[in-house]
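Since the structure comes first, as structure tokens, the remarks are kept for the end.
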Amino acid sequence: MPIRSEPVTVNVGPQHPSTHGVLRLRVTFDGEVILDMEPVFGYLHRGSEKLGEERTYTQVITLTDRLDYVASMTNNQAYVLAAEKLAGIQAPERGMYLRVIAAELQRVASHLVATGFLLNDLGAFATPLMYCFRERERILDLFEMLCGARITLSYMRVGGVFQDAPEDFWPALRKFMADMPHYLDEYEQLLTDNEILVTRTKGVSILNADHALNASVTGPVLRASGLPWDLRKIDPYEIYNRVQFDVPVGKAGDNYDRFKIRIDEMRQSLRIIEQCIDQIGPGPVRAIVPSLIRPPIGDAYGRIEGPKGELGFYLVSDGSIAPYRFKIRSPSLINLTVLRDILIGWKLADMIVTLGSIDINMGEVDR
Amino acid sequence: MLGLGIVNGLIVTMKNFFRKPFTISYPEQRVLQHPRFRGEEFTWYEERCTACASCAKFCPLGIIRIVTHPSGETPTEGDSYAIDAFDIDIGRCMFCGLCVEACPYDALFMGSGFEEAKPSRRNLVITVDHLRAADKRPSTWFRPQLEAQGYDPHKGTEVTWRDAGREHFLYHVPQRPEQESSTATEEGKP
């Protein structure tokens, strides 16, 4: 007698509304094979875009901390660049260098979280995650020296950074820079040739370059598909045209490439920080800006290459102290939209790994 | 060769097995925060505060409540308002530090602690009496004059309002009715 199977719809998550990263996946299975999938989000919606319209240009910085809470520094940077463009403010050079150093440290920290949780989802329970968090902890210590907070940083201001780095920041940063390549070697030794990891991720959930372009995917997910699109190279902001770095690209666009590209990008980030330490000179860190900024009537779109992709802020000014419209182009939301197409035909266990390899952050998806 | 990657990985795990632990067991051991740490238990110097409410206006959440009345005591010395209430609801505070940045007289400082747990949300409101009585161990966040002294809130002594300012205390009028007069007269002579 032949066994008859029917499609079954299963809701995966959210476990509890107070957990972080509340994403619900409505998946239709045939046995273990995914037939259809739909991400349902909005559980973490806080209305950041509307809240930003009621706050002054400085106060909005505290809102941007809470979008992508594992990469607050780059959120600050993107918003601050958009506001500077809108108000026609030029940050001093030392301020820009400090912003780049902080943003690249944040990129390393975010990629460490992405790598650690991808492997945690793969079943390598806690060991690589703890190794990654050990180094992330040191970056957070550096942030604590810079701005007194570890996660919700509010470090950057319109026209620079809020204050110069303390004396003990530079030796600590140099020590971190000396140690970090060894840690990265350790991850590579632990992970990149690991047969279990390779078998589970290579050739799984392939996103080809055409599809990635059509879905306007950005960041490591796009570069893993083989397109060297990096805003730091293509549209250099701040001082990125003065530093040398490579844009690592993948070949296949599978889960393994998305994992490997993040390790390579961390090395490039360290290269950028090293050059910034050499190039940074004395001077002011903050332009003289009134505490209540009233930009001229107009609009501006500022974008950066965040750890997860192109992060953009669109600001419309009506000449008052608060933005008239505050729109966020968040990479996590747009990268999440390809999840259905690359998952169909794969199995349940691959779904969690692919979700980890796309590296979404629900704070940014739902805003 | 199959399995070589796993053996290679196990070498890393074994190396880490013999490393010193990175974590500490928290309640017994503590990591001291950097002096710039934006902690709770705000430090407030009443002698410096003019009740201008810049901090309340700059707070993104609007959780600072200041109630004043004209004091009319010594208006020539800049003492024109008396403070009835200075409530900071740290149950809703996100410790962004914008109030400290906004303060034009360097009267408000971030604190250095992080262990303010209360059984009720109502008790999380810091009142003016609490602020007056609290330890004056300010964070050096946005206060370069403290940072230049190498001040560390976890090690140093308490900072009086004279030592905390951006300007030298001689430029301020020192005596105030409620101040202890002995230190004020010997230090405050121009």
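There is at least one residue in the stretch A:133-153 that is open to solvent by less than 30 Å² (accessible area, probe 1.4 Å), touching an Asp or Glu at 6+ places or on another chain (Cβ under 8 Å) and of a type outside the set (Asp, Glu). Does at least one position in the stretch B:123-140 carry a residue that is crowded, with 20+ Cβ neighbours inside 10 Å and more than 28 Å from A:THR56 (Cα to Cα)? Checking the stretch B:123-140: at least one residue is crowded, with 20+ Cβ neighbours inside 10 Å and more than 28 Å from A:THR56 (Cα to Cα).
Of the residues making up the stretch A:74-82, none is surrounded by fewer than 17 Cβ atoms within 10 Å (Cβ to Cβ) and touching a residue at least 60 places away in the same chain (Cβ under 8 Å).
Among the residues of the stretch A:164-187, some residue qualifies, meaning at least one is of a type in the set (A, V, I, L, M) and over 29 Å from A:ALA126 (Cα atoms). When B:PRO177, B:PRO144, B:PRO190 are checked against the criterion of being touching a Lys or Arg at 6+ places or on another chain (Cβ under 9 Å), surrounded by fewer than 16 Cβ atoms within 10 Å (Cβ to Cβ) and modelled with pLDDT under 80, B:PRO144 stands alone in meeting it.
Among the numbered conditions (1) assigned to a helix (DSSP H, G or I); (2) closer than 30 Å to A:TYR131 by Cα; (3) without any contact (Cβ under 8 Å) to a residue 60 or more places away in the chain, the only one that A:LEU213 does not meet is (2). Checking each residue in the stretch B:112-122 for being of a type outside the set (D, E, K, R) and modelled with pLDDT under 85 picks out B:SER112, B:GLY113, B:PHE114, B:ALA117.
Within the span defined as the stretch B:3-11, every residue fails to be touching an Asp or Glu at 6+ places or on another chain (Cβ under 9 Å), at pLDDT 85 or above and within 9 Å of chain A (Cβ to nearest Cβ).
Quick check on my filter: what residues within the stretch A:176-202 are within 25 Å of A:ALA102 (Cβ to Cβ) and more than 8 Å from every other protein chain (Cβ to nearest Cβ)? If the condition is that a residue be within 25 Å of A:ALA102 (Cβ to Cβ) and more than 8 Å from every other protein chain (Cβ to nearest Cβ), then A:PHE176, A:MET177, A:ALA178, A:ASP179, A:MET180, A:PRO181, A:HIS182, A:TYR183, A:LEU184, A:ASP185, A:TYR187 are the ones that fit. The helices (runs of 4 or more DSSP H) located wholly in the stretch A:303-359 that include 1 or more residues which are polar (S, T, N, Q) and touching a residue at least 40 places away in the same chain (Cβ under 8 Å) occupy A:331-336, A:348-358.
Has the stretch B:117-134 got at least one residue that is farther than 18 Å from A:GLN163 by Cα, within 13 Å of chain A (Cβ to nearest Cβ) and over 16 Å from the mean Cα position of the chain (by Cα)? No, every residue in the stretch B:117-134 fails to be farther than 18 Å from A:GLN163 by Cα, within 13 Å of chain A (Cβ to nearest Cβ) and over 16 Å from the mean Cα position of the chain (by Cα).
When A:PHE245 is tested against the conditions (1) outside any loop (DSSP other than H, G, I, E, B); (2) more than 14 Å from chain B (Cβ to nearest Cβ); (3) within 24 Å of A:ARG138 (Cβ to Cβ); (4) over 18 Å from the mean Cα position of the chain (by Cα), the lone failure is (1). Filtering the stretch B:14-70 to residues that are within 12 Å of chain A (Cβ to nearest Cβ) and of a type in the set (Phe, Trp, Tyr) leaves B:PHE17, B:PHE22, B:PHE37, B:PHE58.
When each of A:ASP350, A:ASP359, A:ASP278 is tested for being farther than 30 Å from A:LYS175 by Cβ and open to solvent by 10 Å² or more (accessible area, probe 1.4 Å), the lone residue that passes is A:ASP350.
The values are calculated or read from the model by the stated rules, or taken from the named source; none is laboratory data. Just so we're clear, the structure is a prediction, and the values are computed from it rather than from any experiment. All Cβ positions, glycine included, derive from the backbone under ideal geometry; neighbour counts span all protein chains shown. Keep in mind that these areas ignore ligands, DNA and RNA; they rest on the heavy atoms of the full protein, side chains included. Shrake-Rupley method; radii C 1.70, N 1.55, O 1.52, S 1.80 Å.
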